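Derivation of every value follows stated rules applied to the coordinates shown; laboratory data play no part. Worth saying up front: this structure is predicted, and the values here are computed from it rather than measured. Methodologically, a virtual Cβ is constructed for each residue, glycine included, from the backbone with ideal geometry; neighbour enumeration extends over all protein chains shown.
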């Protein structure tokens, strides 16, 4: 058991993932600030013009998908590094890790 733990600590891939997770934890803070800006800009647009701004709407949707991609990576539901380490992908379902749980079907 102790040998397995020691071997896990020596894996470069684990430390590499932890490093990227720390980077994306910081990026999440920046994305949250941008999302609040989008929220306030849409409120201002709605109050001043009576309609929402389509450009801000599209940006908010892309930013929300980006945040979702980061959260998928941080929760180990995706092995794909989000942008800027891969292409900008606004379809978060492409990055989901497919998990087959045969234990549920055996009951």
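Using a cutoff of 8 angstrom between alpha carbon atoms and counting only pairs six or more residues apart, the relative contact order for the range 23-95 works out to 26 percent.
Determine by what factor the alpha-carbon radius of gyration of the range 23-95 differs from 2.2 N^0.38 Å, reporting the quotient.
Details: Rg = 13.8 Å, N = 73, 2.2 N^0.38 = 11.2 Å.
Rounded to two decimals, the normalised Rg is 1.23.
Annotation: the residues 32, 17, sorted from fewest to most other C-beta atoms within 10 Å of their own C-beta, follow the order 32, 17. Measuring between their Cα centroids, the range 13-36 and the range 43-83 lie 16 Å from each other. The simple Förster model, with R0 at 35 Å and r as the Cβ-Cβ distance, assigns residue 54 and residue 15 a FRET efficiency of 0.20.
Given R₀ = 35 Å, what would the calculated FRET efficiency be for residue 77 paired with residue 37, taking r from the Cβ atoms and rounding to 0.05? E(calc), rounded to 0.05, equals 0.80. The label point for residue 3 and the one for residue 47, both projected 7 Å from the Cα toward the Cβ, are 6.7 nm apart.
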